[in-house]
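Below is one structure, written out as structure tokens; comments come after it.
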Amino acid sequence: MKKFYITTPIYYVNDKPHIGHTYTTVAADVLARWHRTLGEDIFFLTGTDEHGAKIESKAKEMGLEPKRYADEVAAVFKEAWKELNISNDNFLRTTDEAHMKAVQTALQYMYNKGDIYLSKYDGLYCRGCEQYKSERDLVDGLCPDHKIAPEKMSEECYTFKLSKYQDELLEKIKKDELKILPPNRKNEIVSFYEKEGLEDVSFSRKNINWGIPIPWDKSHTVYVWADAFLNYLTGLGWSGEAGKSPKFWPASAQLMSKDILRVHATIWPAMLLSLDLPLPEKIFIHGYFQINGQKMSKSLGNVIAPADLVKKYGVDATRYLIMSATAFGHDGDISWEKFDDKYNADLANGLGNLAARVSNLLETNKIKLNLRIGSDKKLNEECAASMQAFKFDESLKILWDKLRAGDAVLSDKKPWKLKDEAAIKNILEPIAGDILNAANLLKPFMPTVSEKVIKQFSAKQIKKGEPLFPRI
Ligand code: MSP
């Protein structure tokens, strides 16, 4: 059986889940559910990134022990994904004992191999990114992502020989052995390798206590990214043993946004090479959401939380609105107003209204049908092609074009004005068939609503049900 392994980034617990995390997680879920419908053997992993300077200082600010604090926020993430009907097979926390032990085993191997050596880091560090920065990464002296001045750091550290893997990685990326998508993101990374190149990177911190102790020198903790990356393996039950791939490794698709692409295309695959493990097949970079043209931030008070969306629109509509908000792979601007408009146009007045009108007419005219799921080959193929190409929004567009065409036929032919049963049936049958076929293809996006529609439109005597999407 073909296997398919999907990951999201593990999210920092310095913050509760917002629509950005939700976007990646829902997209991964759509992908996982789609591949399950193909009968593949799927593993879908998400989780939380809980160590490091950022979490340590946040916990302190909250007056809590870091683990207590992380427990609370990790629970909020778990709850949010449960509410959104996310079908992850595991939720990995970097504070899990088994993960921490595996990280130590792996780093010890890299150290013994000579890929990690003792030196000193003199330079800058951004706590927001948890990354070492060089002057050329800054804009007006600030980290462009976090708008804060990085702190000066000067400490002894264990350093990973990232530079050793430069040529091998560049080659593999160029040849798509590690495929970075969309193509513009690959180009960006290739040009980074060619222009700036890989420098060795500090893999330990002396002054950060909240982390996994370096096994051969407990006065250091593991650099948080080195700890975090290995989640993609430990989440599959990997014990840290080099050269030993767990069943689902390598990942088929690793989803994330542009903010963390560079580390994922440099440090992460280099660690895998050092550990004698294969590279992930694909890294897909989706777009970044802005809200009304602005960066989402607590200080601007414009953060959208998944729970607020679910409260207003319901679970399936929230999933639809997020996935259709922008072309997958391109940045997008979102707002409550845009969501309201789209909810009303596509769901309440769109799918919801069409299903209600058609089912109502079939019931009142006592017309019996015998529809078959998946009968529209062309529609199936077109949707499958977009799903395969990570064009989730396009897949939705194809389905909505179909539904809108049905709506237009209905308005044009006005079957409610006709008396002849055969004539009414002739108009309604193909539209009802389209609704059923569309519902089937919508399963990965709207698991509950699609099942409802499938049940309703597979019956011999289709009946008008409850409204699918109440108007807002
Ligand atoms: N903990 C690291 C990842 C470690 S993975 C080994 C991290 N965490 S994060 O909480 O900051 O999550 C970043 C990711 O969240 C982005 O790459 C993206 O997947 C998602 N998003 C966060 N904000 C987003 C938007 N505004 N828009 C779209 N996605 C965004 O980085």
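The values are calculated or read from the model by the stated rules, or taken from the named source; none is laboratory data. For clarity, every value in this text was computed on a predicted model and none was experimentally measured. Cβ placement follows ideal geometry from the backbone for every residue including glycine, while neighbour counts extend to all protein chains displayed.
The table below lists the values:
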read-out: Considering residues of the stretch 267-297 that are surrounded by fewer than 16 Cβ atoms within 10 Å (Cβ to Cβ) and under 30 Å from Y111 (Cβ atoms) only, the residue farthest from the ligand (Cβ to nearest atom); value: D276
read-out: Residue in the stretch 248-266 that is more than 16 Å from the ligand (Cβ to nearest atom), of a type outside the set (D, E, K, R) and surrounded by fewer than 22 Cβ atoms within 10 Å (Cβ to Cβ) present; value: yes
read-out: Every pair of residues 6+ apart whose Cβ atoms lie under 6 Å, when the first sits in the stretch 422-445 and is touching a residue at least 12 places away in the same chain (Cβ under 8 Å) and over 14 Å from W400 (Cα atoms) while the second is buried (at least 18 other Cβ atoms within 10 Å of the Cβ) and of a type in the set (K, R); value: P444/R33
read-out: Subset of the stretch 349-369 (residues that are in a loop (DSSP other than H, G, I, E, B) and either among the aliphatic types (A, V, I, L, M) or touching a Ser or Thr at 6+ places or on another chain (Cβ under 9 Å) (or both)); value: I367, L369
read-out: Test result for F469, buried (at least 18 other Cβ atoms within 10 Å of the Cβ), hydrophobic (A, V, I, L, M, F, W, C) and on the phi > 0 side of the Ramachandran plot; value: no
read-out: Scan of the stretch 121-155 for residues that are surrounded by 13 or more Cβ atoms within 10 Å (Cβ to Cβ), away from the ligand (no atom under 16 Å from the Cβ), within 19 Å of T221 (Cβ to Cβ) and without any contact (Cβ under 8 Å) to a residue 60 or more places away in the chain, ordered by number; value: G123, M153, E155
read-out: Filtered residue count, the stretch 187-233, keeping only those that are in contact with a Gly (Cβ under 7 Å, 6 or more places away or on another chain) and small (G, A, S); value: 1
read-out: Hits in the stretch 266-289 - residues which are out of contact with any Gly (no Cβ under 8 Å at 6 or more places or on another chain) and in a loop (DSSP other than H, G, I, E, B); value: T266, P278, L279, P280, E281
read-out: When residues of the stretch 301-325 are limited to those that are within 12 Å of W336 (Cα to Cα) and hydrophobic (A, V, I, L, M, F, W, C), the one surrounded by the most Cβ atoms within 10 Å (Cβ to Cβ); value: I322
read-out: Residue that is nearest to the chain's Cα centre (by Cα), among those in the stretch 5-31 that are under 22 Å from L236 (Cα atoms) and near the ligand (Cβ under 7 Å from one of its atoms); value: T24
read-out: Top-ranked residue in the stretch 32-54 [being of a type in the set (A, V, I, L, M) and more than 12 Å from the chain's Cα centre (by Cα); ranked as farthest from the ligand (Cβ to nearest atom)]; value: L38
read-out: Pairs, first surrounded by 13 or more Cβ atoms within 10 Å (Cβ to Cβ) in the stretch 363-377, second among the hydroxyl-bearing types (S, T, Y), C-beta under 8 Å, six or more apart; value: L371/S458; I373/S458
read-out: One residue from Y193, Y223 being more than 14 Å from the ligand (Cβ to nearest atom), buried (at least 16 other Cβ atoms within 10 Å of the Cβ), modelled with pLDDT of 95 or more and more than 25 Å from A32 (Cα to Cα); value: Y193
read-out: Members of the stretch 407-419 that are on the phi < 0 side of the Ramachandran plot, surrounded by fewer than 21 Cβ atoms within 10 Å (Cβ to Cβ) and at pLDDT 95 or above; value: D407, A408, V409, L410, S411, D412, K413, W416, K417, L418
read-out: The stretch 1-27 residues that are touching a residue at least 60 places away in the same chain (Cβ under 8 Å), paired with ones that are of a type in the set (G, A, S) and outside any helix (DSSP H, G or I) (beta carbon under 6 Å, 6 or more apart); value: F4/S252; Y5/A251; Y5/S252; I6/A253; T7/A251; I10/G47; H18/A305
